[in-house]
Amino acid sequence: MFIAEIGINHNGDIDKAEDLIVMAKKAGADVVKFQKRNPDKCVPELQKDKIKKTPWGEMTYLEYKKKIEFGKREYDRIDKLCKIIGIKWTASVWDEDSYDFIREYNPEFIKIPSAMITSRKLWDKSKADDTPIIMSIGMSTKPEVDRAVDEFEKNLEGILQCNSSYPAKDNELNLGVIQKLKRMYPHYKIGYSGHEVGIGASLMAKVLGAEIIERHVTLDKYMWGSDQKCSLGYTELKRLISDINKVGIWKGKDKIICYSDEVKVKKKLRI
């Protein structure tokens, strides 16, 4: 499964969000994903009144978060468009209000972002519900991951290796963790949520056995926003999905074979 994370790269513009949905579908993604927050609950108190420079002028960080947050009107449009063009959608939820909000759309799964896998309130929401959960494990220690797996166990379907820096450094991606997670948690789908620049590491994640790949997507890497530069534009996204789909073909069979086309070459070159 390939998840194209739109996240907040729409900058609060529903038309841009719809363009990103169409782009992801055209490139071959299976799912588009947004981020849903109640800023009053999710923004730390120390951050709320800090002044932030934005394309819309200076405002408090809380005002900025509210400005780019989609509500029911926008998500109704997202839901409608995804159904029309035939692509699934979901969201990362950052608080219990957002969990309830997204749950109303009956997504095939809800994403728990790395920042929230230790949230007791989201643990409790999941336990009282039957919606499948996929979680990323960026910025986490092993004990924190183990605890989150235990708490989400009832509905947990997937665990994604992740580095939560934007962009992540090549020497901190630790893609070998994918194989370790597969050994530690054999009953779950193991994948990779990438924040690096480029597509090579995400392709390697697939080679290492990732069953789910998630990457941020953008209309333009030079748009305003913290996630744009580690996101993929259409050309990179299409290339990555195409190559991921070829990994099984490239791997082929685990035996030495001389194919018929090679026999012709063999006759010319072998003495």
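The values are calculated or read from the model by the stated rules, or taken from the named source; none is laboratory data. Model, not experiment: these values are computed from the prediction. Virtual Cβ from ideal backbone geometry, glycine too; neighbours counted across all protein chains shown.
You will find that of 210, 201, 205, the residue that is part of a loop (DSSP other than H, G, I, E, B) and more than 22 Å from residue 22 (Cα to Cα) is 210 and no other.
Per-residue answers, yes or no, for (1) touching a Pro at 6+ places or on another chain (Cβ under 8 Å); (2) without any contact (Cβ under 8 Å) to a residue 60 or more places away in the chain; (3) acidic (Asp, Glu):
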{"position": "183", "(1), (2), (3)": "no, yes, no"}
{"position": "195", "(1), (2), (3)": "yes, yes, no"}
{"position": "203", "(1), (2), (3)": "no, yes, no"}
{"position": "211", "(1), (2), (3)": "no, no, yes"}
{"position": "222", "(1), (2), (3)": "no, yes, no"}
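Going through region 23-50 one residue at a time, which ones are of a type in the set (A, V, I, L, M) and either modelled with pLDDT under 95 or out of contact with any strand residue (DSSP E or B) (no Cβ under 9 Å at 6 or more places or on another chain) (or both)? Hits for region 23-50 are 43, 46. Screening residue 190 against (1) touching a residue at least 60 places away in the same chain (Cβ under 8 Å); (2) surrounded by 15 or more Cβ atoms within 10 Å (Cβ to Cβ); (3) outside any helix (DSSP H, G or I) leaves a single unmet condition, (1).
Of all residues in region 31-71, those satisfying the criterion of being part of a helix (DSSP H, G or I) and touching a residue at least 24 places away in the same chain (Cβ under 8 Å) are 39, 41, 42, 65, 66, 67.
Taken together, the residues in region 79-133 that are over 21 Å from residue 17 (Cβ atoms), of a type in the set (Val, Ile, Thr) and touching a strand residue (DSSP E or B) at 6+ places or on another chain (Cβ under 8 Å) amount to 4.
A single entry from 171, 163 fulfils the requirement of being farther than 29 Å from residue 79 by Cβ and either buried (at least 18 other Cβ atoms within 10 Å of the Cβ) or among the hydrophobic types (A, V, I, L, M, F, W, C) (or both): 163. Restricting region 170-181 to residues that are of a type in the set (D, E, K, R) and free of Cβ contacts under 8 Å to residues at least 24 places away in the same chain, the residue that is nearest to residue 132 (Cα to Cα) is 180. Can residue 221 be described as closer than 23 Å to residue 26 by Cβ, basic (Lys, Arg) and at pLDDT below 95? For residue 221, the condition - closer than 23 Å to residue 26 by Cβ, basic (Lys, Arg) and at pLDDT below 95 - is met. Once region 158-168 is narrowed to residues that are assigned to a loop (DSSP other than H, G, I, E, B) and touching a residue at least 40 places away in the same chain (Cβ under 8 Å), the residue that is nearest to residue 123 (Cα to Cα) is 164.
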